[in-house]
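Okay, so here's the structure we're looking at.
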Amino acid sequence: MNAKLSKIFFAAVFLFNSLLAISQTIEPGRTVDWKSAYNAFNPIFPTLRLNILDFGAVGDGVTDDHQAISDAISSLEDEGGIIYFPPGNYLINSPINFSDGIVFKGQGADSTILIFDLGGQALNCINISKAQTTNFISVSSGFTKESNKLYCPDCENLEKGDFAEIIQDNGDWDIAPADWAQNTVGQIIRVEDVLEDTIWFNNPLRIEYSEDLNPRIRSIIPIRNCGIECLKIKRIDEPEEGAGSNINFSYAANCLVRGVESDSSVGSHISVYYSTNIWFTGNYIHHAFTYDGAGTRGYGIQLSQHSGECYIADNIFRHLRHSMMVKTGANGNIFAYNYSLDPNRSEPIPTLSGDISLHGHFAYSNLFEGNIVQNIIIDHYWGPSGPYNTINRNRAELFGILMTENEEYETSYQNFTGNETSNTITPYGQFITSGNDHFIYGNNIRGIAIPEATEDFSDTSYYLNNKPPFWDAQFSWPPIGYPNMLDQHSIPAKQRFSDSTFTVCNDSTTSWIGEDIGHPGFIVWPNPASEKVFFKLNRYENLDISIYDANGRRIYHNHLYNNTLTQSINISFIKQGGIYLIVVRGRKWYGTAKMFVK
């Protein structure tokens, strides 16, 4: 072969290999925009701060503090506020109902404990929900996947900034119909603009709707900007039958659960229905009274009824039937870098239970990335899951990744990329799929590439451009999947469990330079932040403010002068996500707070 032909030959080989590599990543039509879903979280948390002891709470574990808590919530009316629970054991004998902008904040899960004893009633402990009364209106067209506009001639009542709910009838996939699982395919959207008969909205549709199934829309008014942080919830009564969650979200938006330990639950520890942009980070969720699955008994975090754009990351789950579950049309959610161990169910082989569970009724377009769990199971008890669910760079340490079979209608069109099954002892470490048209690439199954010759998998994340904000320098990125060896690296949540550091609260702290002149009440929000961060003091004072990166370099410095109790900093100049430190200096004190930047 002469030199010229040789160059042409090798150029052709290079081009062929390049095209092959491109074809081996997930095609765009098989995924959705999880990056936009992640960035859509935009809570506006309150600035007013109350102490629950000022409303008569005792926190002795004997006195019922329900009335004090209800009074504190009522005192805030529609303004919202942070209700601070100092260290103590707060007995609560009736359910707590939040209103907009209510945030419960404790001193930490090891010192602030909410003890719920509901007298054996199958009720939720905390309800963050709002009833809806508007009617659905038919949509005429525009309901294709990736569309961000709909045509609705009779939707003149929808306005820019509204939340709206899209649904349609169940299709022929509904082989296990149930009264509580009607109209499961749907999406919660935020209206960006309305012009005559056209509605534009924030994030595109994540599935194709069918004109034959009567797609329709209505405006909703969700409960917003609520939070539970830095405390422990423990339920001590077990109903004879029925269920009930420790925290229940229904028609909620832009809410946060962070640094919370949830110990023992009747039904799901946390249930989410008809909601969007709910974040769960740094939590420890463990144990239940019953593990038979009836009425969600034994579940950890359950997303249902087309809840979408929720973010479940950096949590620890232990001894649950299902730690992370999607069903009844949940879509566009992200489960990332969580650690789950010790699965348990009531049936034979107690450990053969899905830590990650896709549980039928057409949940679709969800991303599971970077989790370390024992088993990932897609089952057909309630029929198939919908398309586009993506299992990316997860490690299953026990039975592996399993899909059950169904003769009537199987789950199809899933993506399995870069995963590991690390247990090499039979019958563990399995990778079993059913259905059709799955995309399978770059998986390391007990040390064997599935499919063959796919060790070059290079997709790092399907929702992040950089490492997540909670990622410490000691951890490799990405931790799971090629080019890493089998079971080579860990994740922060698993390391925290090993270190017995179960929750991450990220409280701000203060220190005194001179005489004690009173606690400055230093509060930082939102956290994680993206474009702007706020902080609040409880008195007027000139301040010196600095921001430092993880290497100790000061990247921001400014003086603010005595003009308002609430200050803000534009942090759009920070281009790299991660952990930063805010240092605020007053006259005789200084405060520090970790800030997570998305």
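Since every read-out is calculated from the coordinates, none of them should be taken as a lab result. Please read these numbers as outputs of a predicted model, since none were measured by experiment. In this analysis, Cβ positions are derived from the backbone assuming ideal geometry, glycine residues included, and neighbour counts consider all displayed protein chains.
FRET efficiency for Q121 and K145, Cβ-Cβ distance as r, R0 = 25 Å, nearest 0.05?
E between Q121 and K145, to the nearest 0.05, is 0.05.
So what is the relative contact order for the chain, in percent, with contacts set as C-alpha pairs under 8 Å and at least six apart?
Dividing the mean separation by the residue count of the chain yields 9 percent.
Using a ≥ b ≥ c from the Cα gyration tensor of region 257-404 (square roots of the eigenvalues), is it rounded, prolate or oblate, where a/c under 1.5 gives rounded and otherwise the larger of a/b and b/c decides, a/b for prolate?
Since a/c stays below 1.5, the shape of region 257-404 is classed as rounded.
At what distance in angstrom do the alpha carbon centres of region 414-431 and region 169-244 lie from each other?
Result: 32 Å between the Cα centres.
What is the chain by shape, rounded, prolate or oblate, if you read a ≥ b ≥ c off the alpha carbon gyration tensor as root eigenvalues and call it rounded for a/c under 1.5, prolate for a/b larger than b/c, and oblate otherwise?
rounded
Work out, step by step, the length gained on full extension between N51 and N39: first 0.36 nm times the residue separation, then minus their alpha carbon distance; give nm to one decimal.
That pair, N51 and N39, stretches by 1.1 nm at full extension.
Rounded to the nearest 500, what is the chain's calculated 222 nm mean residue ellipticity when only DSSP H runs of at least 4 contribute -39500 (n - 2.57) each, over all residues?
-2500 deg cm²/dmol
How do H489, H322 line up, fewest other C-beta atoms within 10 Å first?
Starting with the residue having the fewest Cβ neighbours, the order is H489, H322.
Can you work out the Karplus-derived ³J(HN,Hα) for every residue in region 33-40? Use 6.51 cos²θ - 1.76 cosθ + 1.60 with θ = phi - 60°, whole Hz, and x for glycine or proline.
8, 6, 5, 5, 4, 5, 7, 6
Grab the Cα-Cα distance for T501 and F573, subtract it from 0.36 nm times how many residues apart they are, and report the gain in nm with one decimal.
Using 0.36 nm per residue and subtracting the Cα-Cα distance, I get 22.7 nm.
Which order do L581, L123 fall in if you start with the one that has the fewest other Cβ atoms within 10 Å?
Arranged by neighbour count, lowest to highest, L581, L123 become L581, L123.
Over 28 Å between Cα atoms: which of K130/K234; K327/K532; K130/K232; K105/K532 fall into that group?
K327/K532
Modelled label-to-label distance, D472 and N484, 7 Å Cα→beta-carbon offset: nm?
Label at D472, label at N484, 1.6 nm between them.
Order 249-256, 80-87 from most to least packed using the mean count of other Cβ atoms within 10 Å.
Ranked from most to least packed, the peptides come out as 249-256, 80-87.
Any idea how far apart N436 and D292 come out in nm if each label point goes 7 Å out from Cα toward Cβ?
Calculated label separation equals 3.9 nm.
So if we plug the beta-carbon distance of K160 and S111 into 1/(1 + (r/R0)^6) with R0 = 60 Å, what FRET efficiency do we get, rounded to 0.05?
Calculated transfer efficiency: 0.85.
Calculate how many DSSP beta bridges within the chain are antiparallel, expressed in % of all such bridges and rounded to the nearest 5.
35 percent
Only Cα pairs under 8 Å and at least 6 apart count here; give the relative contact order of region 137-205 as a rounded whole percent.
39 percent.
With a cut-off of 12 Å, note down the residues of region 386-415 whose backbone N falls inside the zone around a label point 7 Å from the Cα of I349 toward its beta carbon.
399-404
What list do you get for T31, T112, T351 if you sort them by fewest beta carbons within 10 Å?
T351, T31, T112
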